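Colleague: Pasting in a structure now, in structure tokens, and then I'll have a few things to ask.
The values are calculated or read from the model by the stated rules, or taken from the named source; none is laboratory data. Bear in mind that the values here come from a model prediction, so they are computed numbers and not experimental data. Cβ placement follows ideal geometry from the backbone for every residue including glycine, while neighbour counts extend to all protein chains displayed. Note: accessible area is taken over every heavy atom of the protein model, side chains too, but ligands, DNA and RNA are not part of it. Shrake-Rupley method; radii C 1.70, N 1.55, O 1.52, S 1.80 Å.
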Amino acid sequence: MLPRPALPKNQRTQYSKLRLLLNEPGLMRGNLVEMRRQCGKKSCRCRTEPQARHRSLYLGLSLNGKHRTVYIPAEWEARVREWVARYSEVRQLLEQISLGFLERLEKRER
């Protein structure tokens, strides 16, 4: 394995970004899904006005081949959004790094 300074500048930059992301707490795989539903109260506005339906947020993911949805409380929304976004950034960076090494392999470069 080459020492880090021997890597091309763009790959060193990618590794630096990856380290910064991994130093922050919280990574979560999944998609955020917003649902709007009617409640059970007969006198509630959500019965007659579709735009007044009650909003709830869920994390959708697949674990061991089974789909799951996990309710996200309103006070956790910002935190979970951040974790999901960070996971997506890490995944994109890993893909870029992998493609860079694939190019090196195809060119038979060290």
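Colleague: Name, by its number, the condition in (1) open to solvent by less than 70 Å² (accessible area, probe 1.4 Å); (2) more than 23 Å from residue 94 (Cβ to Cβ) that does not hold for residue 13.
Modeller: Going through (1) open to solvent by less than 70 Å² (accessible area, probe 1.4 Å); (2) more than 23 Å from residue 94 (Cβ to Cβ) one by one, residue 13 breaks only (2).
Colleague: Does residue 71 qualify as being part of a strand (DSSP E or B), within 14 Å of the chain's Cα centre (by Cα) and either surrounded by 13 or more Cβ atoms within 10 Å (Cβ to Cβ) or aromatic (Phe, Trp, Tyr) (or both)?
Modeller: Judged against the criteria, residue 71 is not a match.
Colleague: So, of the residues in segment 77-110 that are free of Cβ contacts under 8 Å to residues at least 12 places away in the same chain, more than 15 Å from the chain's Cα centre (by Cα) and open to solvent by 70 Å² or more (accessible area, probe 1.4 Å), which turns out to be nearest to residue 29 (Cα to Cα)?
Modeller: The qualifying residue nearest to residue 29 (Cα to Cα) is 99.
Colleague: Which is out of contact with any strand residue (DSSP E or B) (no Cβ under 6 Å at 6 or more places or on another chain) and either among the aromatic types (Phe, Trp, Tyr) or not in a helix (DSSP H, G or I) (or both), of 27, 99, 18?
Modeller: Unique residue meeting the criteria: 27.
Colleague: Hey, another quick one. Quick one: how many residues across segment 38-74 are touching a Phe, Trp or Tyr at 6+ places or on another chain (Cβ under 7 Å) and either polar (S, T, N, Q) or more than 20 Å from residue 87 (Cα to Cα) (or both)?
Modeller: Selection size over segment 38-74: 2.
Colleague: Determine if segment 63-72 includes at least one residue that is free of Cβ contacts under 8 Å to residues at least 40 places away in the same chain, at positive phi and among the polar types (S, T, N, Q).
Modeller: yes
Colleague: Looking only at segment 18-50, count every residue that is touching a helix residue (DSSP H, G or I) at 6+ places or on another chain (Cβ under 6 Å) and open to solvent by 60 Å² or more (accessible area, probe 1.4 Å) and tell me the total.
Modeller: Of the residues in segment 18-50, 4 are touching a helix residue (DSSP H, G or I) at 6+ places or on another chain (Cβ under 6 Å) and open to solvent by 60 Å² or more (accessible area, probe 1.4 Å).
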